[in-house]
Amino acid sequence: MPVATTPGRSRLGSALRRLRADRRGSAAVDFALVVGPFFLLVIGLLEFGMLMIGQTLLQNAVADASRFGLTGRTLEGQTREDVIAAIVNDGGIGLIDPARLVFETLVYPSFDSVGQPETFTDTNGNGQWDSGEPFADINGNGQWDADMGAAGLGGPEDIVLYRVRYDWRMLTPLISHLIPGGAIRLEASLAVRNEPFPAGGG
């Protein structure tokens with residue numbers, strides 16, 4: 001025997017069926033759900049591309065500076081240090097702020113010693129240098145250093161490390177808020193041997 005239905009229940013069922021079949025506005029909802037992550041992805045790709053450009057500029061600047069520095073040359077009216085610093089600053093082509101660029105050159109006795117600590121006598125056997133322990137003052141600054149490099153451009157046939165550091169700031173606030181401090185540390189370095197130029201430069 002068929003089950004009787006009340007008019008109210010029948011109208012409710014019909015309304016639910018019409019609601020399920022009605023697709024009006026679904027495209028707008030789908031778009032709202034997709035557009036946010038999509039734009040975040042696009043902006044992220046653009047930021048990553050700019051970051052790679054910045055890294056390439058730094059590496060090229062270091063290479064250009066080292067190519068000039070290893071010759072021992074100077075330019076009229078400028079010191080060797082000033083010329084090399086200008087080469088590094090100009091390498092940013094306006095995308096890198098020279099005021100926030102950290103550039104240094106360190107001289108080493110050999111390629112193997114680049115970035116290495118000064119040797120010391122570990123009298124207490126704890127594997128690290130402690131005050132009072134004898135050490136070889138390779139860079140001549142009167143103290144033990146975890147990096148034996150001596151500041152400068154070196155002389156003929158010296159090993160020189162050219163190194164830059166730069167905190168690349170994100171261009172968009174959206175991505176900047178996702179990065180701790182809003183910046184990513186970029187670094188570039190290159191170790192070269194100076195040519196056997198005359199001690200006074202050329």
| note | For Asp147, Asp64, the accessible-area ranking with a 1.4 Å probe, largest leading, is Asp64, Asp147
| query | Any idea of Tyr108's accessible area? Nearest 10 Å², probe 1.4 Å. | reply | 10
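The values are calculated or read from the model by the stated rules, or taken from the named source; none is laboratory data. Note that this is a predicted model, so its numbers are computed, not measured. Protein only, heavy atoms only, side chains kept; ligands, DNA and RNA dropped before computing areas. Shrake-Rupley method; radii C 1.70, N 1.55, O 1.52, S 1.80 Å.
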